[in-house]
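What follows is a single structure, written as structure tokens, with notes after it.
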Amino acid sequence: MVVDDHPMWREGVARDLTEAGHLVVATSGEGRQAVRVAAAARPDVVVLDLQLPDISGVEVIQGIRAALPEVRVLMLSASGEQQSVLDAVKAGATGYLMKSAAPAEFLDAVRRTAAGEPVFTPGLAGLVLGEYRRLAVGGGPAAALAHGAEVGAPALTDRETEVLRLVAKGLSYKQIAQRLGLSHRTVQNHVQNTLGKLQLHNRVELTRYAIERGLDN
């Protein structure tokens, strides 16, 4: 699903996705409409603009994920302001890409977002990881999440812990696979199993969980 208030941009993104083999189930130019349409269309990935005419992209994320907790959201924005990025991620965005990205970079970001990988414009990944560490030290919302997930959580296998440690360091699935001599699919399976055990929804939450336990050291 593509959500952007500029018709030419929205239609262009939808066309690029279709030509790349993706099924675009819906488009929208307004936030409230997007929340309603998403609940009916049930997309796997939402490509979402930050600035919309009625409500903010952050509010759209919250509305859509309330109805579809498993949906992946890729922010596609002209704004690279730190607070905008952090607000989007805290609301549940899986990734954040600048609109200046090349078409190939965008399509790769969509594929990775669909797989649950956090995707960020170069320079923003460090910002997000830094914020997670700050919250962990301060006992903020991230720490609360981790503590909640920890209650009664099954023990992870050695391999799952090893993969989780590399996730916390910001490595992609491909990089983790190369580092451990595993296939990309095997790494994905380990991440999905870990998410299920810890009752977390996506890799962004998993990264936050790992950092708060010092697994990124």
Handout entry: Tensor-based shape of the range 1-40 (alpha-carbon gyration tensor, a/c under 1.5 rounded, otherwise prolate or oblate)
Key = oblate
Problem - Exposure of His22 as accessible area (Å², to 10), given a probe of 1.4 Å and all protein chains - result: 60
Completion exercise
The simple spin-label model distance between Glu70 and Gln175, using points 7 Å out along Cα→Cβ, in nm, is 2.8
Practice task
Just tell me which lysines come within less than 22 Å, Cα to Cα, of Lys169; anything on the same chain fewer than 8 places away is out.
Solution key: Lys90, Lys197
Handout entry: Where a label projected 7 Å from the Cα of Gln82 along Cα→Cβ would reach, residues of the range 188-217 with amide N under 16 Å
Key = none
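The values are calculated or read from the model by the stated rules, or taken from the named source; none is laboratory data. None of these values were measured; they are calculated from a predicted model. When we count neighbours, we look across all protein chains shown, and the Cβ atoms used for this are built from the backbone with ideal geometry, even at glycine. With ligands, DNA and RNA removed, areas are computed over all heavy atoms of the protein, side chains included. Shrake-Rupley method; radii C 1.70, N 1.55, O 1.52, S 1.80 Å.
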